[in-house]
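Below is one structure, written out as structure tokens; comments come after it.
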Amino acid sequence: MSFYVTTPIYYVNAAPHLGHAYTTIAADVMARHHRQRGEEVFFLTGTDEHGEPVADAAHALGIEPQELADRNAERFRALAPQLDASNDFFIRTTDPPHEAIVQEVLSRVRDAGYVYKGTYEGWYCPRCADFKADNEVDDGNRCPIHHIELTREQEDNYFFKLSAFQEPLEALYAEHEDFVSPRTRYNESLSFIRSGLRDVPLTRHKLTWGVQVPWDDEHVFYVWFDALLNYYTALSYARDGEDLTERLWPPTYHVIAKDILRFHTVYWPALLMAAGIELPEHVFVHGYLLMEGEKMSKSLGNVLDPFEVIDRFGADALRFYLLRDVPFGQDGSVSTAAFELRYETELANELGNLANRTISMLLRYRDGVVARAPMDPVLAADFAGLPEKVAAHIDRAELTPALEEIWQRVRRLNRYVEERAPFRLAKDEGAAEELDGVLANLAEGLRAVTVLLWPYLPSSAERLLEALGAPDTSLAGAALGSGRIERVGAIGSLFPKDAATPQPS
Ligand code: MSP
């Protein structure tokens, strides 16, 4: 069983921001969860380096596009480990093997009869690198995303016969209702297809910053076709001397935001059909992180710096906040105040406190030794089927509901402490056995939820499992009662209240 998950490849026209971090974190949670299940996982992210967005930004700085690409690709590459993202490869579309395979695949599409020469006339947004129909531009001929005034372009291009895929795409949507989710995005794409597909430019004549068209050296490929193919090309050169395509293709999930819906759910499957390549299984489309009601973006200048957030609170806190506070799949506002509230009330007061009181009571009352005791039947009932429920949600990329299932059990365990009052039992010598049982249940419950939390909070979960003497993170061990904790060790504060001040380690 293999699981191949991707993020969009990000434009290198500026530095990474929280919006990019969001997608990468979400894809990482999925990748880690599937690794817990023992599947062969491949997680791909990287940078999109060609096209106008990058060429224009470089020229504005007075440097060559390659120089800007080199500079910013490194910042995106560095973002992944800072987020604790476990990507298996980082692709750059200026990698020579990527360029060679793009040329090869698109020549095949031409040989199959899906490419012809024509003239494009219409609106074009250089920031989106997207051609727009008359009904897709705002008043004053403005880009609805970037709000800049658009110019009407006329250009001789080679076209991709997208219109030839109208029926095959409708059939794809009819047969695979889970090809695009959430459902609103599926409906949006399907109605775009049904409204009638027009052919799209495959190459650019006016641009030189791109992958050379092998059959006409006055053209480069339109950046979107070069970019989309990253998902395919990466597998053939990510590992030296090994081609992973056969083992891993097709992708299980492309994770994207709604800004690039049409490229991934219409152009991309059509291109793959034209090239005779198997289609991806799912495209999951999340919403926008909003600040003051506007989509965060480099060009709007309302950016929250993920590096700053991580420096202060750590990657786990950022991962948790984004997937907990913004229902994955919908738009949601982000703010420092909301972040701090979640951090304090949930990470510190609920999970941090549960871990802290469980371990400190075991140390204080039992020198850290955990007795052998049966699982409390009431608690066991509340945990029954939990790993399966979480897995079923994550299979559908429902990352917020999956986290909510787990979190209800964190709260359940805190209630168990209140109900069974081990601190009171400790004062009664006759209740020693009961105390042993309560503490063993707590330790085991904490272990089980921590295994499930690992994809979301990898470093805190590893620290905690280490302290419980049960470092195994596989999902098989996420059922309550499936583990056996012998002894716990001391652990510092997992989520210090005053995270702004550096903590002594
Ligand atoms: N290079 C193209 C993608 C090519 S994929 C074959 C591109 N790059 S981008 O740098 O603009 O990244 C867009 C993606 O970044 C979004 O689809 C989303 O994954 C992420 N996000 C950027 N801003 C975001 C928000 N404000 N909110 C949520 N996601 C955000 O488009």
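Numerical summary
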read-out: Residue count, the range 95-131 (criterion: outside any strand (DSSP E or B), surrounded by fewer than 20 Cβ atoms within 10 Å (Cβ to Cβ) and hydroxyl-bearing (S, T, Y)); value: 1
read-out: Test: residue in the range 235-244 that is more than 27 Å from the chain's Cα centre (by Cα) and without any contact (Cβ under 8 Å) to a residue 60 or more places away in the chain; value: yes
read-out: Residues being basic (K, R) and not in a helix (DSSP H, G or I) - total across the range 372-409; value: 2
read-out: Candidate set: the range 212-222, residues that are outside any loop (DSSP other than H, G, I, E, B) and buried (at least 20 other Cβ atoms within 10 Å of the Cβ); chosen: the one farthest from the chain's Cα centre (by Cα); value: V220
read-out: Selection count, the range 6-50, where residues are assigned to a strand (DSSP E or B), within 13 Å of the ligand (Cβ to nearest atom) and open to solvent by less than 10 Å² (accessible area, probe 1.4 Å); value: 7
read-out: Residue pairs meeting the criteria (Cβ under 6 Å; at least 6 apart or on separate chains; first over 16 Å from F131 (Cβ atoms) and among the β-branched types (V, I, T), in the range 255-277; second in a helix (DSSP H, G or I) and away from the ligand (no atom under 11 Å from the Cβ)); value: T265/S189
read-out: Enumeration of residues in the range 177-189 that are assigned to a loop (DSSP other than H, G, I, E, B) and out of contact with any helix residue (DSSP H, G or I) (no Cβ under 9 Å at 6 or more places or on another chain); value: P182
read-out: Matching option when the condition is aromatic (F, W, Y), away from the ligand (no atom under 14 Å from the Cβ), in contact with a helix residue (DSSP H, G or I) (Cβ under 7 Å, 6 or more places away or on another chain) and not in a loop (DSSP other than H, G, I, E, B), among F192, F225; value: F192
read-out: Single unsatisfied condition, G287 versus (1) modelled with pLDDT under 95; (2) among the small types (G, A, S); (3) under 14 Å from the mean Cα position of the chain (by Cα); value: (1)
read-out: Residues of the range 71-83 classified as out of contact with any Phe, Trp or Tyr (no Cβ under 7 Å at 6 or more places or on another chain) and surrounded by fewer than 20 Cβ atoms within 10 Å (Cβ to Cβ), total; value: 5
read-out: Selection status of R372, basic (K, R), over 22 Å from the mean Cα position of the chain (by Cα) and within 22 Å of I491 (Cβ to Cβ); value: no
read-out: Residues satisfying the stated conditions in the range 235-271, i.e. within 28 Å of P144 (Cβ to Cβ) and among the hydrophobic types (A, V, I, L, M, F, W, C); value: V255, I256, A257, I260, L261, F263, V266, W268, A270, L271
read-out: Residues being more than 10 Å from the ligand (Cβ to nearest atom) and either closer than 14 Å to D178 by Cβ or not in a loop (DSSP other than H, G, I, E, B) (or both) - total across the range 268-293; value: 13
read-out: Complete set of residues in the range 103-155 that are farther than 21 Å from H50 by Cβ, of a type in the set (V, I, T) and at pLDDT 95 or above; value: none
read-out: Candidates L351, L379, L341, filtered to the one that is crowded, with 17+ Cβ neighbours inside 10 Å and under 29 Å from the mean Cα position of the chain (by Cα); value: L351
read-out: Selection count where residues are under 18 Å from Y158 (Cα atoms) and within 16 Å of the ligand (Cβ to nearest atom), scope the range 100-130; value: 6
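The values are calculated or read from the model by the stated rules, or taken from the named source; none is laboratory data. Keep in mind that this is a model prediction, so the values were computed, not measured. Cβ coordinates were reconstructed from backbone atoms using ideal geometry, including for glycine residues, and neighbour counts include every protein chain displayed. Keep in mind that these areas ignore ligands, DNA and RNA; they rest on the heavy atoms of the full protein, side chains included. Shrake-Rupley method; radii C 1.70, N 1.55, O 1.52, S 1.80 Å.
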